[in-house]
Amino acid sequence: MRRVALLLTILVGTLRLEAATRAVAITFDDLPDINAADESVSEQEVVTTRLLASLRRSAVAAIGFVNEDNLSDENEQPDPRRVALIEQWLDGGFEIGNHTFSHQDLNEVGADVFERDIVRGETIIRPIVERRGMKLRWFRHPYLDTGKTLGDRDRVDAFLKERGYRVGPVTIDNSEWIYELAYLKAHYFQRPLIRRSYIRYMRDRFEFAESRSRLVFGREIPQVLLLHAGALNADAFEKLAAMMRGRGYHFIGLDDATADPAYASANSWAGGGVGWLERWGVAGGLPERRFENDPKVPLWIQRIAGAKDE
Ligand SMILES: [Zn+2]
């Protein structure tokens, strides 16, 4: 019995040790607020303040990717109150990146239009960042669509590099935006239920990414999580962070996550926007079907949101 107990102790110890080495970088898209079109500036101020406070309380590093069209007023001039939302992220010690001006889809619009939208998307944020002695370093493709062809992808990648950007990859991609949509539309009394379902869903997405990581690399690499700035995460991020900690994660920056050699793996993906684990896996010879059957947003959430999780 004692030997069994000892073995168990060692086993549990090893599992803990393994779990404690998990790392994740937190990234937010669609700053200042994914629901900017449906919310007043005052509402966005409340969301931003609450989201940043919960990021601080959870002691995470994070980067936020901005769509500048949501920083302008009706006359297409920078709206000081909206621009101040981005300053709030920087004041909180968080980094910001470019997510195109108007959330364009490279696979739809092609490289010419997309490159113009990249440039237009840094009109306000580049001077803001540089005034603080920082650099605008990261770019995230809307919909994770990095080009319908490798030609498009490589051309835009080279364009980004020339302007000083690195592409922000994602390994824990998910349909959390559907939850965000449902959260906004739901009755107030449904919100706690949606938050609870959201944490369960994200736990499943983590589990999926961890297993795909072991499949592709034979180990768990530092993950990069995609989230959106909005009311749901303003209310639920602390619970989400607790779930991640419970799985043994500690929080790192995007620089540190992408410094892992896995992120330099071959990637010949062209087509629909998928996560980087699938891109590396397929480039390494795994069939695409090994990345299907990923956890889906429950139907009742899709129904409230009026959006399909495909
Ligand atoms: Zn986006």
Exercise. Enumerate the helices (runs of 4 or more DSSP H) found wholly within the stretch 250-310, keeping only those where 1 or more residues are of a type in the set (Ser, Thr, Tyr).
Key: 254-258
Exercise. Could you list, in sequence order, all residues of the stretch 117-127 that are part of a helix (DSSP H, G or I), closer than 23 Å to Ala84 by Cβ and among the charged types (D, E, K, R)?
Key: Arg120, Arg126
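In the stretch 128-151, which residues are open to solvent by 40 Å² or more (accessible area, probe 1.4 Å), in a helix (DSSP H, G or I) and not hydroxyl-bearing (Ser, Thr, Tyr)? It would help to see each step written out before you state the result.
Taking the stretch 128-151 first, the residues open to solvent by 40 Å² or more (accessible area, probe 1.4 Å) are 130-135, 137, 143, 148-151.
Of the ones still in play, those that are also in a helix (DSSP H, G or I) are 130-131, 143, 150-151.
Hits for the stretch 128-151 are Glu130, Arg131, Leu150, Gly151.
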Quiz item: Phe251 fails exactly one of the following numbered conditions: (1) closer than 16 Å to Thr21 by Cβ; (2) open to solvent by less than 30 Å² (accessible area, probe 1.4 Å). What is the number of that condition?
Solution: (2)
Quiz item: Out of curiosity, is Lys161 in a loop (DSSP other than H, G, I, E, B) and either acidic (Asp, Glu) or open to solvent by 10 Å² or more (accessible area, probe 1.4 Å) (or both)?
Solution: no
Quiz item: Taking Ala229 and the conditions (1) out of contact with any strand residue (DSSP E or B) (no Cβ under 9 Å at 6 or more places or on another chain); (2) in contact (Cβ under 8 Å) with a residue 40 or more places away in the chain; (3) under 24 Å from Glu43 (Cβ atoms); (4) of a type in the set (A, V, I, L, M, F, W, C), which numbered condition does it fall short on, given that it satisfies the others?
Solution: (1)
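Using the structure shown, decide if Arg22 is at negative phi, away from the ligand (no atom under 16 Å from the Cβ) and open to solvent by 70 Å² or more (accessible area, probe 1.4 Å).
On the way: at negative phi: yes; away from the ligand (no atom under 16 Å from the Cβ): yes; open to solvent by 70 Å² or more (accessible area, probe 1.4 Å): no.
No, not satisfied.
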Quiz item: List pairs: first in the stretch 88-101 and within 11 Å of the ligand (Cβ to nearest atom), second assigned to a strand (DSSP E or B) and open to solvent by 10 Å² or more (accessible area, probe 1.4 Å), Cβ under 8 Å, 6+ apart or cross-chain?
Solution: His99/Asp30
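Which residues, taken from the stretch 182-197, are under 19 Å from Lys239 (Cα atoms) and either touching a residue at least 60 places away in the same chain (Cβ under 8 Å) or outside any helix (DSSP H, G or I) (or both)? It would help to see each step written out before you state the result.
Taking the stretch 182-197 as the starting set, the residues that turn out to be under 19 Å from Lys239 (Cα atoms) are 182-184, 188-197.
Ala182, Leu184, Gln190, Ile194, Ser197 - these are the residues of the stretch 182-197 that are under 19 Å from Lys239 (Cα atoms) and either touching a residue at least 60 places away in the same chain (Cβ under 8 Å) or outside any helix (DSSP H, G or I) (or both).
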Quiz item: Mind checking which residues of the stretch 216-236 are among the hydrophobic types (A, V, I, L, M, F, W, C) and either in contact with a Cys (Cβ under 6 Å, 6 or more places away or on another chain) or exposed (fewer than 14 other Cβ atoms within 10 Å of the Cβ) (or both)?
Solution: none
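Every residue, every condition in (1) without any contact (Cβ under 8 Å) to a residue 60 or more places away in the chain; (2) within 16 Å of the ligand (Cβ to nearest atom); (3) farther than 18 Å from Asp235 by Cα; (4) part of a helix (DSSP H, G or I), yes or no:
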position	(1), (2), (3), (4)
Phe28	no, yes, no, no
Ser42	yes, no, no, yes
Phe65	no, yes, yes, no
Asp69	yes, yes, yes, yes
Glu74	yes, no, yes, no
His103	no, yes, yes, no
Glu115	yes, no, yes, yes
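Quick one: which of Tyr201, Tyr165, Tyr143 is on the phi > 0 side of the Ramachandran plot and aromatic (Phe, Trp, Tyr)? Steps first, please.
On the way: Tyr201 fails: on the phi > 0 side of the Ramachandran plot; Tyr165 fails: on the phi > 0 side of the Ramachandran plot.
Result: Tyr143 is the single residue among Tyr201, Tyr165, Tyr143 that is on the phi > 0 side of the Ramachandran plot and aromatic (Phe, Trp, Tyr).
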Quiz prompt | Residue count for the stretch 124-145, restricted to those that are more than 16 Å from the ligand (Cβ to nearest atom) and either in contact with a Phe, Trp or Tyr (Cβ under 8 Å, 6 or more places away or on another chain) or touching a residue at least 60 places away in the same chain (Cβ under 8 Å) (or both) | solution = 2
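The values are calculated or read from the model by the stated rules, or taken from the named source; none is laboratory data. What you are looking at is a predicted structure, and each value in this text was computed from that prediction instead of being measured. Note that each Cβ is placed from the backbone with ideal geometry, even for glycine, and that neighbours are counted across all protein chains shown. Quick note on the areas: whole protein, heavy atoms, side chains included, nothing else; ligands and nucleic acids left out. Shrake-Rupley method; radii C 1.70, N 1.55, O 1.52, S 1.80 Å.
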